[in-house]
Amino acid sequence: ALADELRRDGEVVGREIEVTRHEFDGGYQVGRVSVRVVGVVGTVPHGHPEADPPGTIYMAHAQYPLWAMSMAVRGSSGGAPSAATVRQALAGLDPSVPAEGVRPLGDVTGETLAPTRFVLALLGALAVLVVTLTVAGLYGVTSETVRQRGRDLGVRLALGATAPRVAAGVLGGGLVLAGLGLAPGLLLAPELAEHLRAALGYGSTISGPALAGAAILV
């Protein structure tokens, strides 16, 4: 995102830009320093994977020293090394540098996605409840309709109507009721999805196949 903004005024690589520098050597000071762009990296999320990442500048630690920093460590076999291994490796480089908060990357992403998972679990539970109530209500209405029309259906069968045709008529009435219930939901779904997206701060547009699948399921 930041590179796109800079690209509007010409080439990005080689340009001199000013950034805020925080210094912690003997006290805390804030100043401005001029740096040169030497490359552009891909977009890296700094929070939820679907949230728009902020503009980020990567600088060498020797050029911009900080009192603390975060590191992602990968083992030689591609897996996640243990906390003891990470601390031992850091102690071998500089025994005065402490290693705090060493934990697997899965725990970090889990904490980031926890609010989203909670919301999705809550919505899933509500969806199951709504589907259950819908099925029970539709079954009850259809059953009561058949009971009230029992004599009429019997007369039709006696006059030569086939059982599949009578059953199709009953199911057709149930589908009409289901359609009347689905219509408002399908009309309001895009608006409700936008409200949910605004509340969460991220998310994609509503999916037509997802709506069709939900309608078929109900």
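The values are calculated or read from the model by the stated rules, or taken from the named source; none is laboratory data. Please read these numbers as outputs of a predicted model, since none were measured by experiment. So basically every Cβ, Gly included, is an ideal-geometry build from the backbone, and we count neighbours across all protein chains shown. Accessible surface is based on the protein model in full, side chains and every heavy atom, while ligands, DNA and RNA are left aside. Shrake-Rupley method; radii C 1.70, N 1.55, O 1.52, S 1.80 Å.
Summary of computed values
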read-out	value
Helices (runs of 4 or more DSSP H) wholly inside region 98-201 containing at least 1 residues that are within 18 Å of the chain's Cα centre (by Cα) and of a type outside the set (Gly, Ala, Ser)	105-148, 163-200
Residue in region 52-60 that is surrounded by 10 or more Cβ atoms within 10 Å (Cβ to Cβ) and more than 33 Å from the chain's Cα centre (by Cα) present	no
Filter result for residue 15 (surrounded by 12 or more Cβ atoms within 10 Å (Cβ to Cβ) and modelled with pLDDT of 80 or more)	yes
Residue list for region 100-134, restricted to those being open to solvent by 80 Å² or more (accessible area, probe 1.4 Å), hydrophobic (A, V, I, L, M, F, W, C) and farther than 30 Å from residue 67 by Cα	118, 120, 122, 126, 128, 129, 130, 133
Unique residue being among the hydrophobic types (A, V, I, L, M, F, W, C), outside any loop (DSSP other than H, G, I, E, B) and under 20 Å from residue 3 (Cα atoms) when the list is 35, 30	35
Contacts under 9 angstrom Cβ, first residue in region 31-46 being closer than 20 Å to residue 66 by Cβ and open to solvent by less than 70 Å² (accessible area, probe 1.4 Å), partner of a type in the set (S, T, N, Q) and outside any loop (DSSP other than H, G, I, E, B), 6 or more apart	31/20; 33/20
